[in-house]
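Working notes for the structure below.
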Amino acid sequence: MDLTIRDLRRHALSFDPEFSRLETIIEGLNNALKHLYDSELCIDWYGCMDEKYECETIYRLAILAFETYITSSATNLCNEYKNPQHFYNLSPDIILILTLSEYITSNTESSKTNLNNHNLDINNSPIYHGIKILNKERNLSKITKVLKSWRNQLVYIQYPVNTN
């Protein structure tokens, strides 16, 4: 028995082990952020934490985890396309995450130019402010929902709904 496009689409929408791993990573990073803030509240010199600087390290890890999920999803779902680049353009949030990831990993002039395209200043905590663009409350779990929605768009592109 051959699987129909509908069966393949349903399976792709319901089975996403990479997303489960991403959720686990993000849960750990959210716990790290909570621990950081709780530690700040229990010290005598409360209020001296530089939030942008202290949180940026954790946000860097989140960006890299998001980027890994994005590239693996595009590769796994759109493997017959030689360049999945145009799938990234489905969402400005995906482009921003990839821009931030490029800045973290290579820090080239083109990554600095791309940051400027998102109104992020290289000298003013671009990762921190990039996370704020993705979610005003800087809730990493809500950003994962954006990624899941983007992946679902890829599934519908790969396995379109029949109009017959």
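Computed from the coordinates by the stated procedures, all read-outs in this text should not be read as laboratory data. Given the structure is predicted, the values throughout are model-derived calculations rather than measurements. A quick note on method: Cβ atoms are made from the backbone with ideal geometry, for glycine too, and the neighbour counts reach across all protein chains shown.
A few comments on the model shown:
- Annotated for the chain: lysine pairs at least 8 residues apart or interchain, Cα distance under 30 Å, count 25.
- For the stretch 52-111, trypsin sites (Lys or Arg not before Pro) are listed when DSSP marks them as loop and at most 13 other Cβ atoms sit within 10 Å of their Cβ; the list is 82.
- Along the axis of the charge dipole computed for the stretch 75-140 (Cβ charges of +1 for Lys and Arg, -1 for Asp and Glu, origin at the Cα centre), the listed residues 111, 75, 97 are led at the positive end by 97.
- A simple charge model with +1 on the Cβ of Lys and Arg, -1 on the Cβ of Asp and Glu and nothing else charged puts the dipole of the chain at about 620 debye relative to its Cα centre.
- Size of the chain: Rg and Dmax of its alpha carbons, in Å, are 18.3, 69.
- Between residue 52 and residue 132, the modelled labels are 0.7 nm apart [label points 7 Å from Cα along Cα→Cβ].
- Charge dipole of the chain about the Cα centre (unit charges at C-beta), most positive-ward option of 64, 14, 88: 14
- Mean residue ellipticity, 222 nm, helices only, the chain: the sum of -39500 (n - 2.57) across DSSP H runs of n ≥ 4, divided by residue count and rounded to 500, is -23500 deg cm²/dmol.
- Applying the criteria of a DSSP loop state and at most 13 other Cβ atoms within 10 Å to the GluC sites (Glu not before Pro) of the stretch 83-164 yields 137.
- Local net charge near residue 112, Cβ-Cβ under 15 Å (Lys/Arg +1, Asp/Glu -1): -3
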